[in-house]
1. Before rounding to the nearest 500, sum -39500 (n - 2.57) across all DSSP H runs of length at least 4 in chain B and divide by the residue total; then give [θ] at 222 nm in deg cm²/dmol.
2. Compute the long axis of helix B:44-63 from its Cα atoms, compare it with the longest principal axis of the Cα atoms of chain B, and write down the angle in degrees, 0 to 90, nearest 10.
3. Please identify the DSSP H helices in chain A that span no less than 27 Å along the helix axis (Cα) and have a mean Kyte-Doolittle hydropathy of 0.5 or more.
4. Semi-axes of the equivalent ellipsoid of segment B:118-215: what are they in whole Å, largest first, if each equals the square root of 5 times a C-alpha gyration tensor eigenvalue?
5. Diagonalise the Cα gyration tensor of segment A:108-215 and give the resulting equivalent ellipsoid semi-axes, square root of 5 times each eigenvalue, largest first, whole Å.
6. For segment B:109-124, take each phi angle, set θ = phi - 60°, evaluate the Karplus expression 6.51 cos²θ - 1.76 cosθ + 1.60, and give the result in whole Hz per residue in order, putting x for glycine and proline.
7. Just counting partner chain Cβ atoms within 10 Å, what average do the residues of peptide B:380-387 show around their Cβ?
8. Quick query: amide H of B:Glu73 versus all other amide H atoms, modeled in the peptide plane; which residues come in under 5 Å with a sequence gap of 5 or more or a different chain?
Amino acid sequence: MFQTLRLLAFALAFLVAPAWAALDPASVLPLADEDPDVRIEAIRKLTATQEPRVADILGALSNESLGLIDDGRRAVIVADGRMTDAVTGAALGAAPASFEPLMVNNRLRGEIDAALAALKLASPDAATRLAAARALQGSDNEGLLPIVQQAIDKETDPEVKGVLELSAASLALRNPDPALRAKAAADLARSNDPQVRQVLSALVGKGSDGTYAEPDERVRTAAQLSLAEINRRLFSTEIGLAAFTGLSLGSILLLAALGLAITYGLMGIINMAHGEFLMIGAYTTYLTQGVFRQYLPAAFDWYVVAALPAAFIVTAVIGMALERGVLRWLYGRPLETLLTTWGVSLLLIQACRSLFGAQNVEVENPAWLSGGIAISGGYVIPFNRIAIIVFALLVLAAVWLLINRTRTGLFVRGVTQNRAMASCTGVPTHRVDMLTFGLGSGVAGLGGVALSQIGNVGPDLGQAYIVDSFMVVVLGGVGQLAGTVIAAFGLGSIAKFLEPLSGAVLAKIMVLVFIILFIQKRPQGLFALKGRSAEA
Amino acid sequence: MDRRQFIQAGGAVALGASSISTAFGQAKTPIKVGILHSLSGTMAISETALKETALMTIADINAKGGVMGRPLEPVVVDPASNWPLFAEKARQLLTQDKVSVVFGCWTSVSRKSVLPVFKELNGLLFYPVQYEGEELEKNVFYTGAAPNQQAIPATEYLMSKEGGGAKRFFLLGTDYVYPRTTNKILRAFLKSKGVADKDIEEVYTPFGHSDYQTIVANIKKFASGGKTCVISTINGDSNVPFYKELGNAGLKAKDVPVVAFSVGEEELRGVDTKPLVGHLAAWNYFMSLKNPKNDAFIKMYREWALKQKLPNAEKVVTNDPMEATFVGIHMWKQAVEKAKTADVDPVIAAMAGQTFDAPCGYKLKMDEKNHHLHKPVLIGEVRADGQFNVVWRTKGPIRAQPWSPFIPGNEKKPDSPV
């Protein structure tokens, strides 16, 4: 009964609306009703009019800038403290201090998004139409069907048309005629939309009372076949995605461990404060963000780029100061080094807590690192993950070139392999020590910038990565960049491969057990440094 | 030892002249109050604000004449997110500092660790955080929510038409006692509502887990089987990477809403909230509530933060456990005034039935029997500015059920401490 009434109301509104020159102000007021069903009804009616103002009104409702004034007799949109009449668009001056915008919840937001998408189908821009058509898949507002049909008839772009037909099919699943429903369910086999998968699964599933949600056998069979088809098509996507997540975790481990591979691997310093260099790098990013927000809001999106040299310099300077001030007195005494650097790490954490507070600070992803590439099936490869993989490889290439292709790199390798001999041939070993430690710390700082884009920035940031970093370096073999790289990507992939099978907790344990067994068998790690080492 | 004295000295500043007044006889002796919150380690992110709230409330009470004319003297200790250290510090507060009452703990494991100490020494603990229930002790007053005041109403809301009519449930938590017990209760509750086992997925991550790619992909896959919601009991730091991943993976609240029980205004300070609009949290208080009591509470905390030069003082927020701390201290004060002594046993007796006009806008009552507050349940959706829009609320405060009826064997448990 309600259904038919609604259809009738919709049909009426659809027929009558074009006769009016403009929107009826009274039709906007139910948007503020107490009862959400009434509000949804009002949204549907407004959408059906296809008046140009409707998109503005619904947009304002969605971002909570629509409200009522004059005791609820007039709807206004407030932007930057200025009111405009929602229906006519006329400016009304400053908003009163007591202005309270209307609230929306997820249900209304979904409804509004579908409505706005339907209204955008008339857009001259094909990309806008395509996005709108995609957004309509999985909507359950069958009232939109005439608008979609209209759009299909007018559509010239084959891609948009294809998506629109799928949207029309998903809306037609609500049709009272089972034959039409079955056809719609069969048509949907071509869709990769996650919402469509959800709608189809709901059709074949049983309700809590044991009856099928879809009464007709044919529709269920069609939906079942479509689902199987979609799942088969998406299987390879899911495997690819799992490989990507492994690669992504590996690149993060690599960035976290690369600095340590230099300080521990090449210099043999067990630097427990390594994690804190990551943390300092992340906080430098936070400060750079603050500077950009304050002084260069126009270039805000590029603060991350500016943070890279800043983080490198800050952490490298702190690292060199640590090396000159503390560590150089402790060379050849690994146990004391370990304790001292641990103490330094506690100092740095507490200093950070006193300066910035115990709470995490907010580091916003710039626009070009937010969101991702949508691949089929509603899966998304986030831009920040891609950027971090690329960045990790760039840093790796830079470090490799520096160590293997420059004169400084030659000194570093010389001092690593035989300090006394290097000193005899005139290499300033103390200066090389300082520079190498500075480089390792600086690379850790770069890692910190990357970590700030995916996780917490807080005083304890470093603690979360120190164990993983040591794991990667020890597994890869001390003194070998190649080992570090393979260990990082290997551990990342293993962890991500195990996680769906065993859960995150067990996966972590299994990785640790694997490393213990591996180190038992091969204490020197994946790659051992060959040749003579005077300080071994 | 040094740090404690240092902090004590800091606390004493709030007392001003009161420490001098000890010379003027017994009537003016300060009443010592212990504050047991982690100021370092993983839980510092959440617990530091509670210490500040407690100090602020105590300073406010002192400024208004103290309790029965006696000033309160806060004794702050730092158990450093280290569970056994909680027990040690609690013992020190009760035996060396001889405090009359302790306000403290956040995680359930820290509360479990101090419980034997409070029972042995007959101390008094006020615990301000929502928790899993299954506990009722004579020496503890619980001012946070029990499962029926948070988890169950939130799940009911998600199942309702307004909440999206969820059919499948992804229970995601950190691996420790609170999420495990809460999910056990929720699973039993969902089953009683006719939800099949295949429509419930339980996933746990280690403390400090930071890579949520696989889990978010699994949520997407799970959601393709029907209208899904995620019920998150992720605690502490891990929430930031989880929500960042959600935002980047394009999982919108209108498709798959996430309701969290441990995420409030304070936790959202570390996150860019724009992609999270519409995700939910269930609490008994939100900073965005509009009423005179709440306005006064927020103003008081802002001024306190500025005066104490807290980091980011101009942007401080209030949250549910802070409100619970504030309410707890005031109720204890009223109970002391009713009992006319700060001794533990008379105060416990006087606590029964205490009421207080709380910032949540309701007159909250301490239950006559079960040591839990009657609290209203509010469900909020995240706004772009990191605050919450209240989209659903109970008609009034509801009574806590510390022994959840959804766990077998609980029906025989007594409703008051034994």
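Just so it is clear, none of the values below were taken in a lab; they were calculated from the coordinates. None of these values were measured; they are calculated from a predicted model. Neighbour counts are summed over all protein chains in view; Cβ atoms, including those assigned to glycine, are modelled from backbone coordinates with ideal geometry.
1. -11500 deg cm²/dmol
2. 40
3. Once both thresholds are applied, what remains is A:217-260, A:303-325, A:334-356, A:383-405, A:429-452, A:481-502.
4. Rounded to whole Å, the semi-axes are 29, 18, 12.
5. Values for segment A:108-215, descending: 25, 14, 12 Å.
6. Taking θ as phi minus 60°, the curve returns 5, 5, 5, 4, 6, 8, 3, x, 5, 5, 6, 5, 9, 6, x, 9 Hz for segment B:109-124.
7. Counting other chains' Cβ atoms within 10 Å and averaging over B:380-387 gives 1.
8. B:Ile31, B:Lys32, B:Val33
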